[in-house]
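Peer 1: Quick one: structure below, then a few questions.
The values are calculated or read from the model by the stated rules, or taken from the named source; none is laboratory data. Computed from a predicted structure; not experimentally measured. For neighbour counting, all protein chains shown are included, and Cβ atoms are generated from backbone atoms with ideal geometry for every residue, glycine included. The area values use the complete protein model at the heavy-atom level, side chains included, leaving out ligands, DNA and RNA. Shrake-Rupley method; radii C 1.70, N 1.55, O 1.52, S 1.80 Å.
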Amino acid sequence: MKVTEQKIVEWFLRIAISIGFLSAVADRFGLWKAEISAWGNWDSFISYTHLLSPWAPSSIIGIVGGLATFLEVFFAVILLTNYKTSFFAKGAGFLLLTFGLSMALFVNVKAPLDYSVFMGSASAFALGYMTKGGK
């Protein structure tokens with residue numbers, strides 16, 4: 001692959017992963033229309049977080065949801081800055097893999113497939129390995 005082609009693919013991955021994270025965050029804050037939302041508000045998102053984290057006591061599920069939201073925004077922004085991309089892309093890959101495995105274990109295996117969570121995780125890992133220092 002030529003250097004220019006690789007840069008185009010790299011930026012496409014950065015933007016796609018970042019938009020995916022930011023769209024999910026926007027959904028949980030009610031920024032998408034109700035007809036197209038998965039959660040539509042914070043309370044519904046926290047209920048879903050509890051479903052994916054049955055090991056966590058109810059008293060800390062808000063913290064778990066808040067941490068997931070923070071990490072999604074953080075990874076979205078940092079991947080667009082070109083700062084330590086390899087490291088942070090792999091972190092995003094692990095976060096998405098965690099979401100996907102939790103969905104498969106505690107909801108059903110079809111859920112992460114329908115939402116392309118494993119594809120997002122693989123994309124983040126691919127970005128991490130194709131950027132400087134990825135090996």
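Peer 1: Report, to the nearest whole %, how much of the accessible area of region 1-103 belongs to carbon and sulfur atoms, 1.4 Å probe, protein only.
Peer 2: Values: 4360 of 6010 Å².
It is 73 percent, rounded to a whole number.
Peer 1: Show me the ranking of peptides 116-127, 70-81, 47-58 by mean Cβ neighbours inside 10 Å, starting with the highest.
Peer 2: Highest mean packing first, the order is 116-127, 70-81, 47-58.
Peer 1: I want the local charge near ILE17. Using Cβ-Cβ distances under 13 Å, sum +1 for each Lys or Arg and -1 for each Asp or Glu among the other residues. Don't skip to the end; give the middle numbers.
Peer 2: Numbers: positive: ARG14, LYS90; negative: GLU10, GLU72.
Local charge sum for ILE17: 0.
Peer 1: While we're here: Given Cβ point charges of +1 (Lys, Arg) and -1 (Asp, Glu) and nothing else, what value in debye, to the nearest 20, does the dipole of the chain about its Cα centre take? Each step should come with its number before you reach the end.
Peer 2: Values: 10 positive and 7 negative charges, 112 e Å.
With Lys and Arg at +1 and Asp and Glu at -1, about 540 debye.
Peer 1: In degrees, nearest 10, range 0 to 90: what is the angle between the Cα axis of helix 85-106 and the longest Cα principal axis of the chain?
Peer 2: Its long axis makes an angle of about 30 degrees.
Peer 1: Relative contact order for the chain: what percent, with Cα pairs under 8 Å and sequence separation of 6 or more? The partial results should precede the final answer.
Peer 2: Numbers: 142 pairs, mean separation 34.7, N = 135.
Here the relative contact order equals 26 percent.
Peer 1: Among GLY128, ILE63, LEU31, which residue has its Cα furthest toward the positive end of the charge dipole of region 18-135, with +1 on Lys/Arg Cβ and -1 on Asp/Glu Cβ?
Peer 2: GLY128
Peer 1: Along the charge dipole of the chain, pointing to its positive end and built from +1/-1 on Cβ of Lys, Arg, Asp and Glu, which listed residue (ALA76, TRP42, LEU101) has its Cα farthest out?
Peer 2: Farthest along the dipole direction, towards plus: ALA76.
Peer 1: Determine which lysines satisfy two conditions relative to LYS132: a Cα distance under 21 Å, and not lying fewer than 8 residues away in the same chain.
Peer 2: LYS2, LYS7, LYS84, LYS90
Peer 1: Shifting gears a bit: Among rounded, prolate and oblate, which fits region 1-120 when a ≥ b ≥ c are the square roots of the eigenvalues of its C-alpha gyration tensor, a/c under 1.5 means rounded, and a/b larger than b/c means prolate? Please list the in-between numbers first.
Peer 2: Working: a/c = 1.86, a/b = 1.75, b/c = 1.06.
Taking the square roots of the gyration eigenvalues as a ≥ b ≥ c, region 1-120 is prolate.
Peer 1: Calculate, in nm to one decimal, what ILE60 and VAL77 gain on full extension: separation in residues at 0.36 nm each, minus their alpha carbon distance. Don't jump to the answer; show the numbers that get you there.
Peer 2: Values: separation 17, 0.36 × 17 = 6.12 nm, distance 2.59 nm.
Value of the extension gain: 3.5 nm.
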